[in-house]
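A short worksheet on the structure shown next.
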């Protein structure tokens, strides 16, 4: 499967960032002609099965949101992730829907969930 086709698969979107924004990592050298990282990324990596009960999905999502700062400092590359946020390709050509409990947790945290990401009622 080519990269272009892979980028259109469910839950996948392109990501780019300036390599200068990535802290140096011991033993790792990234070579780029223009200093930009380009790769596929997993959209909405915190996934809950549609049949998971509302309160459990809400609690799991709230735990991710509450611990985002701690997770972002666990490894240098984490700063390049979008953990605890909503955006990156969510409403693109392969849209994903959030669990109703997850929507509630994000909205309680003051994070707007776009209509395209909300489940049909």
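The values are calculated or read from the model by the stated rules, or taken from the named source; none is laboratory data. This is a predicted model, so every value here is computed, not measured. Neighbour counts are summed over all protein chains in view; Cβ atoms, including those assigned to glycine, are modelled from backbone coordinates with ideal geometry.
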**Request:** Please enumerate the residues belonging to region 14-48 that are loosely packed, with under 12 Cβ neighbours inside 10 Å, touching a residue at least 40 places away in the same chain (Cβ under 8 Å) and not in a helix (DSSP H, G or I).
**Result:** 23, 24, 25
**Request:** For region 21-40, enumerate the residues that are in contact with a strand residue (DSSP E or B) (Cβ under 8 Å, 6 or more places away or on another chain) and farther than 22 Å from residue 6 by Cβ.
**Result:** 22, 35
**Request:** Would you please name the residue that is modelled with the highest pLDDT, looking only at residues in region 64-76 that are outside any loop (DSSP other than H, G, I, E, B) and surrounded by 12 or more Cβ atoms within 10 Å (Cβ to Cβ)?
**Result:** 66
**Message:** Among the residues that make up region 88-99, is at least one of them modelled with pLDDT of 70 or more, more than 13 Å from the chain's Cα centre (by Cα), farther than 24 Å from residue 8 by Cα and in a loop (DSSP other than H, G, I, E, B)?
**Reply:** no
**Request:** Could you look through region 46-60, keep only residues that are at pLDDT below 90 and closer than 30 Å to residue 23 by Cβ, and pick out the one that is farthest from the chain's Cα centre (by Cα)?
**Result:** 47
**Message:** Please count how many residues of region 22-45 are modelled with pLDDT of 80 or more and within 30 Å of residue 109 (Cα to Cα).
**Reply:** 2
